[in-house]
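First the structure, in the form of structure tokens, and then the observations on it.
The values are calculated or read from the model by the stated rules, or taken from the named source; none is laboratory data. These numbers were taken from a predicted model, which means no experiment stands behind them. Backbone-built Cβ (ideal geometry, glycine too); neighbour counts: all protein chains shown. For accessibility, only protein heavy atoms count, side chains too; no ligands or nucleic acids. Shrake-Rupley method; radii C 1.70, N 1.55, O 1.52, S 1.80 Å.
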Amino acid sequence: MRWHAEHIQTPREMSHPADSVAWKTFDKTHPFFASESRNASESRNVRLALSTDGFKPFGQTGSQYSLWSVILTLYNLPPLMCMKDPYMFLTVIVPGPNNSKQNIDVFLQPLIAEINDLWTEGIPAYDISRKQNFQLRAALMWTISDFPAYSMLSGWSTSGHRASPYCMEDSLAFSLKPRRKTTWFDCHMRFLNRNHRFRRDEKNFRKNIPSFLVLLHS
Ligand SMILES: [Zn+2]
């Protein structure tokens, strides 16, 4: 469980999320959780990920029965272990027969309460390898899902004009004329450098797009 803090990272290589900037930033932001030295007892604190997806236990055809499983994984462990089934915990099953898009919150509530407790208070635990008692805490680092399930977990609708959870209401999505289909055509130009040659390209991009909208987010 201390592997993430004790392993030696090959320079410029990422073999585990613990090598990532995001992980290190998390540690810096929450020193009480991670400890600044990264090798004190706090490295035994648990790093969790939550993943969920719908599942049809009776196959794609025949009975239309769909349930949702929520699996917690442990990212303290080395890469060879952290994605193996003994260390993946099936914590919640949302029963069918219907796809319970809104109800998943209800089923997740006890789990979220417990994760919150583990983050704020922790629980007394015993480390058998060091023969020590310590206060074990846990953090939910991220969630893993497809894009529709992202909306169920986050509460942000991932369909329609504001489907992007990053751009939110700043989205430049618009409807195509005949069938009101949402499109993000040309919406990426604003991420280009202000002097990028595409900015002046009037031929290959959408015409009559107000230039202030394009520049707004650059
Ligand atoms: Zn976006």
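Quick notes on this structure:
- Solvent-accessible surface of segment 3-145, averaged per residue with a 1.4 angstrom probe and all protein chains in place: 61 square angstrom.
- Loop-located trypsin sites (Lys or Arg not before Pro) in segment 115-188 whose Cβ has at most 12 other Cβ within 10 Å (DSSP): R130, K131, R179, R180, K181
- Filter on K28/K84; K101/K181; K24/K101; K177/K203 - keep pairs with C-alpha separation over 27 Å: K28/K84; K24/K101
- Longest site-free stretch - the chain; sites: GluC sites (Glu not before Pro), DSSP loop, at most 12 other Cβ within 10 Å: 37-120
- Tensor-based shape of the chain (alpha-carbon gyration tensor, a/c under 1.5 rounded, otherwise prolate or oblate): oblate
- The chain: relative contact order in percent, alpha carbon pairs under 8 Å with at least 6 residues between: 14
- Percent carbon-and-sulfur accessible area, the chain, ignoring ligands, DNA and RNA, probe 1.4 Å: 57
- Integer Hz, Karplus 6.51/-1.76/1.60 couplings in order for segment 149-154, x for Gly and Pro: 5, 4, 5, 5, 7, 9
- Residue ranking by accessible heavy-atom surface, 1.4 Å probe, largest first, among S157, S145, S20 comes out as S157, S145, S20.
- Amide H contacts under 5 Å for D53, placed H, 5+ residues apart: S69
- Segment 1-97: chymotrypsin sites (Phe, Trp or Tyr not before Pro) falling in loop per DSSP and having at most 16 other Cβ within 10 Å: F58, Y65
- Normalised by the number of residues in segment 124-165, the mean separation of alpha-carbon contacts (under 8 Å, six or more apart) gives a relative contact order of 20 percent.
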